[in-house]
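Have a look at the structure below before the remarks.
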There are 2 protein chains.
Amino acid sequence: MTVIATRQPSTSDLPGIRGDLLARVEQRLEQYTESERARWKQTNPRAAQPVEAVIDMVSRGGKRLRPIFCLSGFLAAGGDPASAAAVDASAALELLQAFALIHDDVIDNSALRRGRPTIHVHHAGEHSARGWLGEARRFGEGVAVLAGDLALVYADELTFDFPPAARRLWGELRTELIVGQHLDVAVAAESVVDPQLSRWIAVCKSGRYSIQRPLLLGATLAGRTDLAGAFEGYGLALGEAFQLRDDLMDAFGDPGATGKPAGLDFAEHKMTLLLTLAVERDARIRNLLVRDGDTPWDADLIRQVLEETGVRATVERTIGELVDRAVTAISSAGLDPAWTDEFARLATLVAYRDR
Amino acid sequence: MTVIATRQPSTSDLPGIRGDLLARVEQRLEQYTESERARWKQTNPRAAQPVEAVIDMVSRGGKRLRPIFCLSGFLAAGGDPASAAAVDASAALELLQAFALIHDDVIDNSALRRGRPTIHVHHAGEHSARGWLGEARRFGEGVAVLAGDLALVYADELTFDFPPAARRLWGELRTELIVGQHLDVAVAAESVVDPQLSRWIAVCKSGRYSIQRPLLLGATLAGRTDLAGAFEGYGLALGEAFQLRDDLMDAFGDPGATGKPAGLDFAEHKMTLLLTLAVERDARIRNLLVRDGDTPWDADLIRQVLEETGVRATVERTIGELVDRAVTAISSAGLDPAWTDEFARLATLVAYRDR
């Protein structure tokens with residue numbers, strides 16, 4: 001038994017080791033943002049407001065999905081748990097996510113995020129309540145735009161010491177995220193029905209941004225860029241499953257569990273991956289989505305047709321197949337078996353996060 | 001004569017050398033953004049749209065003030081004109097400025113920038129014209145927010161190879177810019193009359209962001225961090241002059257010359273440095289600015305009182321004194337006399353850019 005423990009010292013307590021690192025990510029986030037808040041507060045309490053908005057969003061929690069994948073990629077690649085590199089990278093990913101959420105909420109006009117009013121709604125409300133000058137909507141959105149900008153800059157500050165290969169990855173990850181967001185907006189406005197494009201957006205925003213690139217960032221910081229192929233196979237398949245689950249949760253989910261209103265994608269005319277798959281399968285769906293001026297989509301009818309045509313059930317099967325594909329891809333990486341098992345467990349967790 | 005030419009080889013043709021580098025900055029901007037546009041266009045023409053918005057803003061020209069100061073700081077500090085470092089830094093500063101302008105125009109609801117419709121107004125117009133789904137205003141602002149985000153990321157990509165001291169400066173410059181923008185928004189909404197705070201905002205946004213930090217970035221890339229003190233003295237004084245000129249041009253300027261409507265600060269209830277100085281000097285101004293619900297300020301009356309009370313003339317004198325102070329600060333730096341003269345010339349150019 002002692003021999004086994006010595007042979008696999010780093011995998012005998014995977015959740016424990018990663019848990020310790022995740023706790024350090026939280027500390028890093030708090031320490032960095034609080035020192036910024038304290039610094040700007042000395043200039044003027046108002047100067048600390050955008051920092052406070054960033055802290056507000058980061059401290060709302062969330063799944064910490066990207067840090068989990070980054071740390072897992074780092075540890076599975078043999079990274080030193082005592083190193084600060086993967087902790088900083090994970091904190092940077094979470095600040096980048098705060099940036100994305102704050103701006104996304106403005107762009108989508110979302111009212112709730114992680115169960116609380118979004119940043120722009122909160123500040124527009126304060127503007128109204130205090131009777132400040134100008135338009136409350138513009139003020140709230142302006143504060144949120146700047147707070148998101150600040151989160152983007154802070155995310156980047158934590159990548160200061162990255163080696164060149166990791167910096168390149170970081171640059172690509174940010175660019176893809178923004179282009180993916182724009183495509184979401186454009187496709188919704190133009191009501192584009194293009195399954196290939198919708199799948200590309202899902203790959204870009206969920207596969208690459210949320211899973212593949214965080215994994216590879218961790219592996220790169222551990223010096224194992226050779227894992228790129230396996231992590232790409234795993235990340236892209238699981239990313240598509242992630243996006244399909246997201247779409248299903250938005251369409252059929254319980255707002256109490258998701259922390260945001262149901263049917264928001266429908267309200268915003270989002271041509272989600274779910275809907276494009278549905279259109280491919282049944283012409284009735286297309287008719288429901290055909291635009292008629294600014295008439296809102298009939299969310300209840302769409303839900304009903306998604307059920308009746310069997311699209312919902314098919315998408316559930318597709319999610320299962322994508323998880324299998326992700327697990328197969330990671331199995332070929334030659335990782336320590338304990339890590340292969342852990343990645344399979346993570347795949348299930350992500351694809352069935354509504355359970 | 002040959003001896004003199006040999007003693008001062010780098011300063012005998014200052015405008016020429018800096019002009020060559022400025023031309024390389026334009027090439028770098030074009031080459032970088034066009035390669036991004038080409039790359040994303042392959043995915044989908046819509047994926048290239050945020051890149052095209054960045055190109056649109058950058059290619060509108062502008063004074064290239066920050067590149068000029070960055071290159072001047074670099075060359076005055078003895079930087080090698082053949083090096084790419086200051087060219088990349090200058091291109092990064094210009095992309096950062098594109099980010100700031102695009103987001104600022106959304107936040108201020110500006111219609112024109114550099115004589116053409118702002119990015120959000122352009123895209124809102126396209127949305128309306130094509131009868132796309134959703135609200136045109138939200139679409140236009142969403143596209144602009146994402147385009148600004150992309151410009152921020154691109155700016156950062158060009159700082160990839162900076163040495164640590166320059167990276168730290170770059171980080172501070174971006175953070176200050178965003179905090180300064182937020183203070184502008186907050187002070188306008190709350191109609192804060194606080195000359196010290198308004199001066200701090202001017203120092204932050206104009207002094208540090210536009211002059212001092214670009215200069216110091218150039219000098220740091222040339223390995224001369226010892227110039228920090230002189231450049232701070234020059235940059236902060238000249239920055240205040242710059243801001244006062246900006247305020248005067250907004251209040252009294254000719255829209256044909258400035259490329260944007262006159263009196264925008266008044267329309268947005270901006271508590272500019274000009275107005276805070278005016279309030280300190282004459283109580284009538286304060287009465288004009290006292291808020292009465294959302295009633296717009298009476299721009300013509302404010303202009304009239306600024307003239308009658310002599311505030312406009314006093315501010316002109318202050319600008320002259322600030323230029324003197326800037327020139328004195330730079331004279332103590334021990335630069336080559338040709339550069340001392342050039343910095344004096346730049347100070348006049350910046351402070352009297354309406355002429």
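Okay, residues lined up against (1) outside the structural domain of residue B:72 (by TED's automatic domain parsing); (2) in a helix (DSSP H, G or I); (3) modelled with pLDDT of 90 or more:
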site: B:261; (1), (2), (3): yes, no, no
site: B:265; (1), (2), (3): yes, yes, no
site: B:280; (1), (2), (3): yes, yes, no
site: B:302; (1), (2), (3): yes, yes, no
site: B:314; (1), (2), (3): yes, yes, yes
site: B:326; (1), (2), (3): yes, yes, yes
site: B:338; (1), (2), (3): yes, yes, yes
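Inside the stretch B:157-178, residues that are within 17 Å of the chain's Cα centre (by Cα) and either of a type outside the set (A, V, I, L, M) or facing chain A (nearest Cβ under 7 Å) (or both) make up a count of 7. Counting only residues that are more than 13 Å from the chain's Cα centre (by Cα) and more than 24 Å from residue A:265 (Cβ to Cβ), which one in the stretch A:93-129 is surrounded by the fewest Cβ atoms within 10 Å (Cβ to Cβ)? So the residue we want is A:129. In the stretch A:84-96 there is no residue matching the filter, namely being of a type outside the set (A, V, I, L, M) and at the interface with chain B (Cβ under 9 Å from one of its Cβ atoms).
Restricting the stretch B:105-134 to residues that are in contact with a Leu (Cβ under 9 Å, 6 or more places away or on another chain) and among the β-branched types (Val, Ile, Thr), the residue that is nearest to the other protein chains (Cβ to nearest Cβ) is B:107.
With respect to being of a type outside the set (A, V, I, L, M), buried (at least 22 other Cβ atoms within 10 Å of the Cβ) and within 10 Å of chain A (Cβ to nearest Cβ), residue B:200 falls outside the description. Residue B:69 meets each of the listed conditions (1) closer than 23 Å to residue B:160 by Cα; (2) free of Cβ contacts under 8 Å to residues at least 40 places away in the same chain apart from (2).
Counted as qualifying within the stretch A:168-252 are the helices (runs of 4 or more DSSP H) with 2 or more residues that are closer than 19 Å to residue A:332 by Cβ, namely A:213-221, A:228-252. Here residue A:344 does not qualify as free of Cβ contacts under 8 Å to residues at least 40 places away in the same chain, over 18 Å from residue A:253 (Cα atoms) and surrounded by fewer than 14 Cβ atoms within 10 Å (Cβ to Cβ). Criterion applied to B:58, B:54, B:143, B:153 was being in contact (Cβ under 8 Å) with a residue 40 or more places away in the chain, within 30 Å of residue B:264 (Cβ to Cβ) and within 8 Å of chain A (Cβ to nearest Cβ), and the one residue passing it is B:143. The set of residues in the stretch A:82-115 being of a type outside the set (Gly, Ala, Ser) and under 23 Å from residue A:27 (Cβ atoms) consists of A:87, A:88, A:93, A:94, A:95, A:96, A:97, A:99, A:101, A:102, A:114. When you look at residue B:55, is it in contact with a Ser or Thr (Cβ under 6 Å, 6 or more places away or on another chain) and either modelled with pLDDT of 95 or more or surrounded by 15 or more Cβ atoms within 10 Å (Cβ to Cβ) (or both), yes or no? Yes: the conditions hold for residue B:55.
The values are calculated or read from the model by the stated rules, or taken from the named source; none is laboratory data. It should be emphasised that the depicted structure is a prediction, and the values quoted were computed from it without experimental measurement. No Cβ is skipped: glycine too gets one built from the backbone with ideal geometry, and neighbour counts run over all protein chains shown.
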